[in-house]
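Colleague: Would you mind keeping the following structure in view while I ask a few things?
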Amino acid sequence: MLLVHGFGANRRHWRHNLTSLARVAGVWAIDLLGFGASSKPPSQLQGEIARAGAVRYGFDLWAEQLLAFTSEVIAPAAPANPLHLVGNSIGAVVALNAARLLIAQGQPPAGVVLIDCAQRTLDDKRAASLGLVERASRPLVKQLVRRRWLLALLFRSLARPAVIRQVLQRAYPSGAHVDAELVALLHGPSTEPGALESFRGFVNLFNDHLAPDLLTQIDGASPGVPVRLLWGAADPWEDPAEARQWAAEHGCIQELVVLPGLGHCPHDEAPELVNPILRSWIAASPERVSP
């Protein structure tokens, strides 16, 4: 199993899952480029003059990172074992995109689990669903968030322990595990040089992959790759109603479990509920789904 964190988090966000999941599979958790203990190179936005060492942050870069990690680390350690990709929030989109690339290489994963997958409502492809004021202000906002000096002010105001705790209290409606350890593991990497760059790269992702488009491509895979969804019913940002729509429209989705009272990160908020579900999904040899 390869576990992929969400925006602003890192591999330690799976600290309450690793030991339990290791009962049924070899488990790895990764820091996406720009987060956690990973490198944080300068961001390269579309239309900018190329800079040495700069990268285009986005779902293709992160998916390629997962493929490299799988090839260089996981495959040598567990050459005969099938790979399961598990992602939370934007990590779920990364996992889906990595699955797409693995399918194209003729090495489809055994399964993908999306935990409160990011729906990316601010992407250009979804702009028509925004309100009139949001659509009208969109060109100005897109220009402003390219400016490092402005983003530096915003980043410094957000990357503070007190603010992080406030966001967590909303993301974890039950309040479970919102403690000093969690605040510290999220705040620490934000103080490192380059942290602003990954933030800048992410907030400028206005035209990148959307989960439904990736699911459509996985629908047509042969052999099929089973996808399962796990959602917090009280997620303040990613509506479980859209997850239900995905489950109704995409044949690759085999199961959707919605957990009452939980928010955006149920794997960390209620690992005692989530770990048995993940173990059962991974331990069962999933049937390949037909396209």
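Colleague: Which net charge results for the neighbourhood of Pro266, defined as the other residues with beta-carbon distances under 9 angstrom from its beta-carbon, given Lys and Arg at +1 and Asp and Glu at -1?
Modeller: Numbers: positive: none; negative: Asp116, Asp235, Asp268, Glu269.
Charge balance in the 9 Å sphere: -4.
Colleague: Where does the longest stretch of the chain lie that holds no trypsin sites (Lys or Arg not before Pro) found in a DSSP loop with 15 or fewer other Cβ atoms within 10 Å? If you can, show how the numbers build up before the last one.
Modeller: Working: sites that count: Arg15, Arg23, Arg51, Arg56, Arg147, Arg288.
My reading of the result: 148-287 is the longest stretch.
Colleague: While we're looking at this one, here's another question. Can you bin the range 66-129 into rounded, prolate or oblate? Criterion: square roots of the alpha carbon gyration tensor eigenvalues sorted a ≥ b ≥ c, rounded for a/c under 1.5, prolate for a/b above b/c, oblate for the rest. Show your work: numbers first, answer last.
Modeller: Numbers: a/c = 2.92, a/b = 2.35, b/c = 1.24.
Here the range 66-129 falls in the prolate category.
Colleague: Would you give the gap between the C-alpha center of the range 176-246 and the C-alpha center of the range 26-76, rounded to a whole Å?
Modeller: The distance from the Cα centre of the range 176-246 to that of the range 26-76 comes to 15 Å.
Colleague: Classify the range 115-190: rounded, prolate or oblate, from the alpha-carbon gyration tensor (a ≥ b ≥ c, eigenvalue square roots; a/c under 1.5 rounded; otherwise prolate if a/b is larger than b/c)? Don't skip to the answer; put the middle values down first.
Modeller: On the way: a/c = 2.85, a/b = 1.53, b/c = 1.86.
Cα axes put the range 115-190 in the oblate bin.
Colleague: Using only the alpha carbon atoms of the chain, find the Kirkwood hydrodynamic radius as the inverse mean reciprocal pair distance, in angstroms to one decimal. Mind showing how you got there, number by number?
Modeller: Numbers: mean 1/r = 0.0512 Å⁻¹.
One decimal place: 19.5 Å for the Kirkwood radius.
Colleague: Now, a different point. Among residues other than Ile277 whose Cβ falls under 15 Å from its Cβ, what is the net charge (Lys/Arg +1, Asp/Glu -1)? Before the final figure, lay out each step's value.
Modeller: Working: positive: Arg23, Arg228, Arg279; negative: Asp116, Glu255, Asp268, Glu269, Glu272.
Once positives and negatives cancel, what remains is -2.
Colleague: Next up: Using only helices, what value at 222 nm comes out for the chain when you add -39,500 (n - 2.57) per DSSP H run of length 4 or more and divide by the total residues, to the nearest 500 deg cm²/dmol? Walk me through the numbers before you get to the answer.
Modeller: On the way: 12 runs with 121 residues, N = 291.
Using -39500 (n - 2.57) per qualifying helix, the result is -12000 deg cm²/dmol.
Colleague: Can you work out the accessible area per residue across the range 59-189, with the rest of the protein chains kept in place, probe 1.4 Å, in square angstrom?
Modeller: On the way: 6290 Å² over 131 residues.
With all protein chains present, the range 59-189 gives 48 Å² per residue.
Colleague: Would you work out if the range 135-284 is rounded, prolate or oblate? Take a ≥ b ≥ c from the square roots of the eigenvalues of the alpha-carbon gyration tensor; rounded if a/c is under 1.5, else prolate when a/b is larger than b/c, oblate otherwise.
Modeller: On the way: a/c = 2.16, a/b = 1.32, b/c = 1.64.
Oblate shape, in that a/c is at least 1.5 and b/c is the bigger or equal ratio.
Colleague: In debye to the nearest 20, how big a dipole does the range 70-172 give about its Cα centre with +1 on each Lys and Arg Cβ and -1 on each Asp and Glu Cβ? Walk me through the intermediate numbers first.
Modeller: Working: 14 positive and 5 negative charges, 140 e Å.
In total the dipole reaches around 680 debye.
Colleague: Suppose we flag GluC sites (Glu not before Pro) only when DSSP calls them loop and at most 12 other Cβ atoms lie within 10 Å. Which is the longest uninterrupted stretch of the chain? Walk me through the numbers on the way to the answer.
Modeller: Numbers: sites that count: Glu48, Glu287.
In the chain, the maximal stretch lacking such sites is 49-286.
Colleague: In addition: If Lys and Arg each add +1 and Asp and Glu each add -1, what is the summed charge of the other residues whose beta carbon sits under 9 Å from the beta carbon of Arg146?
Modeller: Working: positive: Lys142, Arg147, Arg148, Arg200; negative: Glu48.
Here the charged neighbours net out to +3.
Colleague: So, one more: Taking amide hydrogens as modeled 1.01 Å from N in the peptide plane, which residues meet the under 5 Å criterion relative to Ala29, leaving out close sequence neighbours?
Modeller: Amide H neighbours of Ala29: Leu3.
Colleague: Would you mind getting the accessible area per residue of the range 209-291, heavy atoms of the protein chains only, 1.4 Å probe, in Å²? Kindly include the intermediate steps, with their values, before the conclusion.
Modeller: Working: 3380 Å² over 83 residues.
Roughly 41 Å² per residue, with all protein chains present.
Colleague: How large, in percent, is the carbon and sulfur part of the accessible surface of the chain at a probe radius of 1.4 Å? Walk me through the intermediate numbers first.
Modeller: On the way: 7350 of 12970 Å².
Here carbon and sulfur together make up 57 percent of the probe-accessible area.
The values are calculated or read from the model by the stated rules, or taken from the named source; none is laboratory data. Since the model is a prediction, treat every value here as computed from it, not as a measurement. Note that each Cβ is placed from the backbone with ideal geometry, even for glycine, and that neighbours are counted across all protein chains shown. All accessible areas refer to the heavy atoms of the entire protein, side chains included, with ligands and DNA or RNA removed. Shrake-Rupley method; radii C 1.70, N 1.55, O 1.52, S 1.80 Å.
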